[in-house]
Amino acid sequence: MTETEQKTSFFDSIRKHQKFLYAVAIALLFGLFAFQLWFHAVRTSATFDEPAHTVAGYRYWQCGDFGINPEHPPLLKLLATASLNFRANLIEPKGDCGARYTSKLEMFNLGGEFLTENGVDSVMIPARLLAALLSLALATLIFLATLMMFGRWEALTALAILAFEPNLIGHGALVTTDMALTVTAFGAFFALYGYVQNPTWRRGLIVGLALGLMLAAKHSAVIFVPLLFVVFIADAVLYRQDEDRLPKKLLRQTAVFAGFFFVGFVLLWSFYGFRYHSLPNTSEKMVLVEDYIKANGRPEMVESLSAKVVTTINNFRIFPESYILGLADIVATGSRNVAIFDQNYATGQWFYFPLAFAVKSSIALLILLPFGLLFPFFNREKRREMLFILVPPLAFFAISLTSKMNIGVRHILPIYAFLIVAAAVGAVWMSRKFYYFRYILIGLLIFHAVTALRTAPNYIAFANDFFGGTNNSYRIFRDSSSEWGQNYKLINEYLKRENITDCWFAGIGNLEVMRVSQPCRILPANQLFGFVSQLNEITPPVIEGTILVSINNLPPRGGDEYTAFWQTQPIDQIGGTIFVYRGRFEMPTAAALSRVVRANQLVRFNRLEEAIAEGRAAIELAPEDARTHLALGLALLRADKKDEVRKEFEAVVETAKSNPALFRTQEVRAQRELEKLKEGEVK
């Protein structure tokens, strides 16, 4: 047989087994995606929000207590904690279930205690694996939607991009709500596309159910509801050929969409047990919207238009009380300080999410996406499909530019599902148009897969090679785009490997979980939440030895407490986000903050004189730090020493001026307490 005949025979064999090979490729991609989700779930520690979501989900199952963690709807939390209902010898969260509203601080305490008492991994890993089912559902939806809308090779390419996209892997197996919104939003638009193709009542019911799941996934789903309506109307105007005049067509489509919304609305209520009140067995309102905003965010937001809208909706009891408080939480905490390129901003910046998308997205997606954006301009036949694929992410992305809460690329995670489809469509279009492009595409996808494999398990901290790779993401972001408390297990491995038995650690996350998940003594940090049952260890003003510091605690995100490290070259780096230092370091501010933590603990234990003493000692060490004055002020307030309280809270407001971005929370709290004192004097 000649060489030409051999080549012909080979390609004939490929064509003959094409369907089989296609099925193998699909199974392989699904399998690799599932494996990476599992690997990330078991190799990383509980992130910042996961303990709170986990205990909240269990409380929902336990007694329908929606007074805990109302800032997020219940879909993901119910799914992730479903297996806990079948676990024997589970130690229940402290306190009577559903007896009272659970504040944010109590929620973090409950979450940390619940995990540590039952074994962090024994609770967290099963919960994460159940949460990962949503990611597998997303992979299925993306494949089916692309197959239906565009074709088999576009579907396979989309699946290949998704299977190795680090952001989707990193957030795809966490007990957090970002992936839940990603899959339900994409599912809602896919269902709507199916309906406009063949408008039957069954398909309309599916649209309504998909809309309800989306609302139950995350509160920012409210952004997608009007986008669904806009796409629905635009499709009818541009692509529905009938004899109805425009006004009648718009009226009919509006009525149909109202039906969709009603079904989704009913489904949302079902997640709350068709009960308005957040707490079971009560007929009283849990907490006023205005009071919730004052207690959990910026008091001045009570006068904002958005706060008044949420209050009005609540007065009519249109939505469950817990859901309304989640909307109020968005109003209350709609602004955070943000650190970008070592510059600290007091509030969010419009360029944050464009930069986050450029840094955090894979190179394959960034290169192929422009072809997808150009595709509808050159292909008239598929413009209707691209309406459903491009309008939702581009509109959501445009709205994100106005957001003042810039704390991670995860907040724009829903756009990735749509843009992956667009990139796949553009890639296959170019491959058909230019034969050589298919080799570029194959090379890109191989590089894409290799990138994901060499990133593992540091998917959360991922940055593409255009920006220096994962180990350099901290140079750009100091938030959940890099460090979210996911590296405790990697710290353990590093310490064992280096035979280090004595160390200090300034990390972020849940304090109780951190205490049991790594062996180092804990240093105080701004982004540590929750209390431990015993008093924390006082940090000495001078420390000598091995010290590990999260990049989120280093300037500019952190305060002055760890400036000494930022001016020193680390000896190592763990997970891209934990720096290891060795030497002798003077840390008076860190010592002061350890006394701040201790003062807050003593207030909780009602040991007020000791708390006041710790507060005064903290001020002696760091008189220009707003956090020390706030700690003393709160201790004095609890001890009813009002003659001294005002002085300390005014000192908080004054010292906060030195770093308004860092001390914004302390300033708001002090101003709130000063207003209460003033109101008390008037009365």
### Task
Take the Cα pairs of segment 388-536, get the Kirkwood Rh, then feed it into Stokes-Einstein at 10 °C and 1.306 mPa s and tell me D in µm²/s.
84 µm²/s
### Query
Roughly how many percent of the accessible protein surface of segment 400-530 is carbon and sulfur, given a 1.4 Å probe and a whole-percent answer?
57 percent
### Range of Cα positions in segment 277-398 per principal axis (Å), largest first
58, 42, 26
### Summary
Rounded to whole Å, √(5λ) for the Cα gyration tensor eigenvalues of segment 103-152, largest first, gives 38, 13, 4
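Determine the order of Val230, Val196 by accessible area, beginning with the largest, at a probe radius of 1.4 Å.
Val230, Val196
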### Message
On alpha carbon coordinates alone, what is the Rg over Rh value for segment 240-314, Rh being the Kirkwood radius?
### Response
1.19
### Summary
Largest-first semi-axes in Å of the equivalent ellipsoid built from the Cα gyration tensor of segment 504-605 are 22, 15, 12
#### Entry: Given charges at Cβ of Lys, Arg, Asp, Glu: segment 373-502 dipole, positive-most of Val425, Gly408, Pro392
Val425
### Query
To the nearest 10 degrees, how steeply does helix 363-378 sit against the main Cα axis of the chain, on a 0 to 90 scale?
50 degrees
### Query
Of His17, His277, which has the most accessible area and how do the rest follow, probe 1.4 Å?
His17, His277
#### Entry: Kirkwood-Stokes translational diffusion coefficient of segment 391-431, alpha-carbon pairs, 10 °C, 1.306 mPa s, µm²/s
140 µm²/s
### Task
Find the eigenvalues of the gyration tensor of the Cα atoms of segment 534-677, then list the square roots of 5 times those eigenvalues as equivalent ellipsoid semi-axes, largest first, in whole angstrom.
30, 17, 12
### Message
If you roll a 1.4 angstrom probe over the protein chains with everything in place, what fraction of the accessible area of segment 52-156 belongs to carbon and sulfur, to the nearest %?
### Response
65 percent
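Of all alpha-carbon pairs in the chain, indicate the percentage at a distance above 36 angstrom. Walk me through the intermediate numbers first.
Values: 101181 of 232903 pairs.
Beyond 36 Å sits 43 percent of the P(r) for the chain.
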### Query
With respect to the cross-link table entries Lys218/Lys360; Lys94/Lys496; Lys19/Lys433, which display a Cα-Cα separation exceeding 27 Å?
Lys94/Lys496
### Convex hull per residue volume in Å³, alpha carbons only, for segment 58-211
130 Å³
#### Entry: Tilt relative to the chain, helix 321-332 - C-alpha long axis, 0 to 90 degrees, to 10
80 degrees
### Task
Could you tell me what percent of the accessible area of segment 281-398 is made up of carbon and sulfur, with a 1.4 Å probe and every protein chain present?
62 percent
## Note on the structure
Taking Rh as the Kirkwood radius computed over alpha-carbon pairs of segment 324-476 and applying Stokes-Einstein at 37 °C with viscosity 0.692 mPa s, one gets a diffusion coefficient in µm² s⁻¹ of 191 µm²/s
### Task
Provide, as a two-decimal number, the C-alpha radius of gyration of segment 150-206 over 2.2 N^0.38 Å, N being how many residues it has.
1.40
#### Entry: Per residue solvent-accessible surface (Å²) - the chain, probe of 1.4 Å
41 Å²
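The values are calculated or read from the model by the stated rules, or taken from the named source; none is laboratory data. Quantities reported herein were computed from a predicted structural model and do not represent experimental measurements. We place every Cβ from the backbone using ideal geometry, glycine too, and count neighbours over all the protein chains shown. Please note that ligands, DNA and RNA were not included when accessible areas were found on the heavy atoms of the full protein model with its side chains. Shrake-Rupley method; radii C 1.70, N 1.55, O 1.52, S 1.80 Å.
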